[in-house]
1. Please state, to two decimals, what the Cα-based radius of gyration of the range 64-208 comes to when divided by 2.2 N^0.38 Å (N = residues).
2. Order of 95, 268 from fewest to most other C-beta atoms within 10 Å?
3. Picking from 123, 337, 42, whose Cα lies most toward the positive end of the charge dipole for the chain (charges on Cβ: Lys, Arg +1; Asp, Glu -1)?
4. Distance cut-off 25 Å, Cα to Cα: go down the list 4/284; 63/350; 9/63; 197/271; 108/130; 175/271 and report the pairs above it.
5. 222 nm [θ] for the chain, helices only, -39500 (n - 2.57) per DSSP H run of 4+, per residue, to 500?
6. Under a Cβ-only charge scheme (Lys and Arg +1, Asp and Glu -1), can you give me the dipole magnitude of the chain about the Cα centre, in debye to the nearest 20?
7. Using DSSP to define loop residues, name the GluC sites (Glu not before Pro) in the range 284-354 whose beta-carbon has at most 13 other beta-carbon atoms within 10 Å.
8. Looking only at 189, 22, 233, which one moves most when the chain is put into a Gaussian network model with springs between Cα atoms under 10 Å?
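No lab work stands behind these numbers, since they all come straight from the coordinates. Only a predicted model underlies this, so the values are computations on that prediction, with no experimental measurement involved. Note that each Cβ is placed from the backbone with ideal geometry, even for glycine, and that neighbours are counted across all protein chains shown.
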Amino acid sequence: MSAKDFLQKLSEAHGVSGYEHAIRDLVIEEFRPYADEIHITPMGSVIALKRGARDRAKTPAPKVLIEGHMDEIGLMVTEIDHGYLRFTQVGGFDVRVLLAQEVIVHGKRPLRGIIGARPPHLLTPAERDKVIPMRDLWIDVGLPEARVRELVQVGDAITLARSMVSLKSDFVAGKAFDDRCAIVCLAEALRHLTTMKHTWDVYAVANVQEEAGAWFGGAFTSTYTINPDMALALDVSHADQPNTSEVNAVPLGSGMGIATGPNIHPLVHQKLVQVAKASEIPHKITAYAGPTGTDAWAIQVVREGIPTGLIDIPLRYMHTSVETLCVTDLERIGRLLALVCSSLDDEFLKQLRGETNAAPPKTRRVTRRQPKNPKRK
Ligand SMILES: [Zn+2]
């Protein structure tokens, strides 16, 4: 499937953190032709293994993990109030854009609904100037209270109903691109790898539960299971847009960010940049002085520590229903991932393990605390 078609399929499907089963089926269907094995972790992450070509009797294959998260931010029913649904959020929605959205309530059967609030005519001038807090919004599915109570219960998940829109310049807009666009990059990488030689085993992982609070349950557990020698996380980052002065902004259509900072292993960063330069794949270096607020943060501290890199996928309007990206960027990232995986050799493994005379990476201490100002979740 083309990158754009797969992105549309993933974006228009529904799977809030902890309820990713529908997405998981789509990911497995897309990964299966390229993978030697597919495994689902008890938490629900998908691990696709593509074995490297090497004499396993002599040495076991080193492992590289490439990953993104497949869950999405969403809402959850907290109360049935005279047939209207009150709700809270799973992950950090942009509350400013919730009013007037179409939603799907995942009750006994999916129910279409809309998010309503009191009309402007009934508000005081002061109320009109403010963002409507979530407690003053409700979901209306159009059914009488008794019927709502039969079909919906507290704790049911709610997702936005939104079709992907094609803009000019290969740009598209839709929901849940964070971080399903990374899954598209993984599929692209697996497809490229079928025509490339690689000696390391490649584990492409679609992780669960990144958005539900900063605990990265999917990334921690699948990385522990795989125990990779190196990992590459993919997550969205703020692209260029008006009225922002984000230093790490990568313009849409100009490739990707290759992250550096204490969350990133210097040799892994170097490897990504070297391969990107050698293959003339456009990129920008992005610098994070602390934890990156992505799965890379979790992966880096699994077991004794995993040498980890991070690719920033440029995205506008994060955590809204119109997240916008450039499909060409995803294709470039997929290609870079494949090229990096196929470039990995025994010499690089020795470097990662500090077994060569090459300059060792600088020692850094990693602290695991909440970022003061997380860039993303
Ligand atoms: Zn997010």
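1. Numbers: Rg = 20.0 Å, N = 145, 2.2 N^0.38 = 14.6 Å.
Computed over Cα atoms of the range 64-208, the ratio equals 1.37.
2. Working: 95 14, 268 26.
With the fewest neighbours first, 95, 268 line up as 95, 268.
3. Ranked along the dipole, the leading option is 337.
4. Details: 4/284 23 Å; 63/350 13 Å; 9/63 29 Å; 197/271 17 Å; 108/130 35 Å; 175/271 32 Å.
Violating the 25 Å Cα-Cα cut-off are 9/63; 108/130; 175/271.
5. Values: 10 runs with 102 residues, N = 377.
Mean residue ellipticity, 222 nm, calculated: -8000 deg cm²/dmol.
6. Numbers: 45 positive and 45 negative charges, 134 e Å.
That gives a dipole near 640 debye.
7. Details: sites: 304, 323, 331, 347; in loops: 304.
Of the GluC sites (Glu not before Pro), the ones in loops of the range 284-354 whose Cβ has at most 13 other Cβ atoms within 10 Å are 304.
8. Between 189, 22, 233, it is 22 that shows the largest mean-square fluctuation.
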